[in-house]
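Structure record follows, encoded as structure tokens.
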Amino acid sequence: MLHRSFTEMIPSLQVAIGPVILISGVGMLLLVMTNRFGRVVDRLRQLASASATVPADRLDSLREQAEIFLRRAHLLRWCIGLAAAAAWLAGLLVIGLFVGSLFGVTQVTFIVLLFVGSILCLLSSMGGFIFDIQLSLKALKLELAQSKLH
């Protein structure tokens, strides 16, 4: 059994708290991404409904838009998964840092791999998110081309 005073545990807690900030930031990113995902799904449903009543000359445009939205939904699913993996790895990092500091055992390679893995997942998620924004502009251009604004 461990017999450490609270003041002896403070450095362990300080070391482990850093990645918690990463988890909080990723949580906000997940909120934004899931909101975008929901909007994409809603828009796909609108396009599916509209396809039943749209004139034949606009059907190809709707299909093209639907393909882009479906691609965005798949992309956002991957981005959300990568962001969740980043948070999960950061959580393991917190546990590893705290337990390692508490017991005086440090597995530097394990800690580095968790940190690098978390950041790589986060960066990949952000890259996909930026690509999603590019795809949303492509879908918007298609929609505007069929409107009276173009």
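The values are calculated or read from the model by the stated rules, or taken from the named source; none is laboratory data. Predicted model only: the values in this text are computed from it and were never measured. Heads up, the Cβs are rebuilt from the backbone with ideal geometry, glycines too, and the neighbour counts pull from every protein chain shown.
Points worth noting:
- Given (1) in contact (Cβ under 8 Å) with a residue 40 or more places away in the chain; (2) touching a Ser or Thr at 6+ places or on another chain (Cβ under 8 Å); (3) of a type outside the set (A, V, I, L, M), number of the condition Gly91 does not satisfy: (2)
- Yes/no for Phe115 being more than 30 Å from Ala48 (Cβ to Cβ), of a type in the set (Phe, Trp, Tyr) and in a helix (DSSP H, G or I): yes
- Checking Ile95, Ile80, Ile68 one by one, the residue that is touching a Lys or Arg at 6+ places or on another chain (Cβ under 7 Å) and not charged (D, E, K, R) is Ile68 and no other.
- Complete set of residues in region 3-26 that are small (Gly, Ala, Ser), closer than 22 Å to Phe115 by Cβ and either out of contact with any Leu (no Cβ under 9 Å at 6 or more places or on another chain) or modelled with pLDDT under 75 (or both): Ser12, Ala16, Ser24
- Residue within region 31-51 that is closer than 19 Å to Val116 by Cα, under 9 Å from the mean Cα position of the chain (by Cα) and touching a residue at least 40 places away in the same chain (Cβ under 8 Å) present: no
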